[in-house]
Amino acid sequence: GLNHVFITHLHSDHTVGLPDLLYSPWVLDRPDPLNVFGPPGIQRMMSGIAEAWADDISIRLDGLEPRGANRDGYRPNTHEIEPGLVYEDELVRVYAIPVKHGSWKYSYGYRFEGPDRTIVISGDAAPSESLVEACDGCDILLHEVYSAERFTTRPPEWQAYHSQFHTSTTELADIANRSRPGMLVLYHHLFWGTDDTGLVNEIRAAGYNGPLASGKDLDVY
């Protein structure tokens, strides 16, 4: 089952599913707390979730549901982390990577090191030298992206926003050329009227010729 969650930053589109991850598996008999890792502020968020669902938790624990001995599976073990090694077991080491994401003081990517593969995920990030250093020939780099060609169709205020919070296809081509991943996988796409093929073509036109895919849910690489 899913026992560990690594949060990149506290934007709603990256955290709104946390209550479901926390409580639904417990209802289906997950016996142990969920381990939640995230930037400063994650503890306050998890405390707020517990308060918001307090009545639900109470009814499930002390109503007619047969919770039995499973009185801990709804609890999070919350870890407010700093850059560096944040988790390790016999299968994986996980490092938090500080990245630039506009006005956010704390935002992370992650590097996952397994016995035979290293995967780096950018999180939401403007071009960040820390990601280039963290990948450094990693097997897979999952990186967010927006269309540089369609960027100019956005209103000026949104251009100012996206240029500070996210990474264009042109910028990502440079990042990939310098970090040399075994495969570059695009995610968190901002298409603005283009499509997967369009994003890939923009990156190719910007000079990146390495293995490249535009990711979709449930893809395996």
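Any read-out appearing in this document is the output of simple, stated calculations on the displayed coordinates, not a laboratory observation. In this text the structure is predicted, and so the values were computed from the model without any measurement. Glycine gets a Cβ as well: all are built from the backbone with ideal geometry, and neighbour counts include every protein chain shown.
In this simple spin-label model, placing a label point 7 Å from the Cα along the Cα-to-Cβ direction at both H79 and N209 gives a separation of 4.2 nm.
Report the charge-dipole magnitude of the chain in Debye, nearest 20, computed about the Cα centre from +1 at each Lys and Arg Cβ and -1 at each Asp and Glu Cβ.
Numbers: 17 positive and 32 negative charges, 56 e Å.
About 260 debye.
Less than 5 angstrom separates the built amide H of M183 from those of I140, L141, all sequence-distant by 5 or more or on a different chain.
Rounded to the nearest 10 degrees, the inclination of helix 196-205 to the longest alpha-carbon principal axis of the chain is 40 degrees. Distant-in-sequence amide contacts of G109, defined by a placed amide H-H separation under 5 Å and a gap of 5 or more residues or a different chain, comprise I97, V99. In a DSSP loop and with at most 14 other Cβ atoms within 10 Å, the trypsin sites (Lys or Arg not before Pro) in segment 132-218 are K216. The phi torsions of segment 79-87, fed into the Karplus equation with coefficients 6.51, -1.76 and 1.60 and a -60° offset, translate into couplings of 10, 7, 10, 10, x, x, 5, 10, 7 Hz, rounded to whole numbers, with Gly and Pro shown as x. Computed over segment 150-208, the alpha-carbon pair-distance distribution with 5 angstrom bins reads 4, 17, 28, 26, 16, 7, 2, 0, each value a whole percent.
For segment 92-118, the residues whose amide N sits under 17 Å from a probe point set 7 Å from the Cα of E129 along the beta carbon direction are 97-101. Which of L18, L91, L184 moves most in a GNM of the chain, Cα contacts under 10 Å? For the chain, modelled as a Gaussian network with Cα springs under 10 Å, the answer is L91. Plainly put, segment 4-80 has a radius of gyration that is 0.98 times its Kirkwood radius, both from alpha-carbon atoms, as the Rg/Rh ratio. Between L28 and D217, the C-beta separation translates, for a Förster distance of 22 Å, into a calculated FRET efficiency of about 0.55.
If you take every DSSP beta bridge whose two residues both sit in the chain, what share of them, in percent to the nearest 5, is antiparallel?
Antiparallel bridges make up about 40 percent of those DSSP assigns within the chain.
The orientation-averaged projected area of the convex hull spanned by the Cα atoms of the chain comes to 13.5 nm².
In the chain, the longest principal axis of the Cα atoms and the axis of helix 18-27 are about 40 degrees apart.
Can you give me the angle between helix 156-165 and the longest principal axis of the chain, using Cα atoms only, in degrees from 0 to 90, rounded to the nearest 10? Taking the Cα atoms of the chain, the angle to 156-165 is about 70 degrees. Normalising by the residue count of segment 114-221, find the relative contact order in percent from Cα pairs under 8 Å and 6+ residues apart. Relative contact order of segment 114-221: 31 percent.
Among the GluC sites (Glu not before Pro) within segment 10-96, those in coil by DSSP and having at most 12 neighbouring Cβ atoms inside 10 Å are E90. Taking label points 7 Å from Cα along the Cα-to-Cβ direction, K105 and E65 give a separation of 3.6 nm. Computed from phi, the 3J(HN,Hα) profile of segment 211-221 under the Karplus parametrisation 6.51, -1.76, 1.60 (θ = phi - 60°) reads x, 8, 9, 9, x, 10, 3, 6, 4, 10, 10 Hz, with x in place of Gly and Pro.
Rounded to a whole number of µm²/s, how large is the Stokes-Einstein D of segment 110-155 at 20 °C and 1.002 mPa s, given Rh as the Kirkwood radius over C-alpha pairs?
Working: Rh = 12.0 Å.
In µm²/s, the coefficient is 178.
From the C-alpha gyration tensor of segment 84-214, pull out the three semi-axes of the equivalent ellipsoid (sqrt of 5λ each), sorted largest to smallest, in whole Å.
Numbers: eigenvalues 131, 62, 22 Å².
Equivalent ellipsoid semi-axes, largest first: 26, 18, 11 Å.
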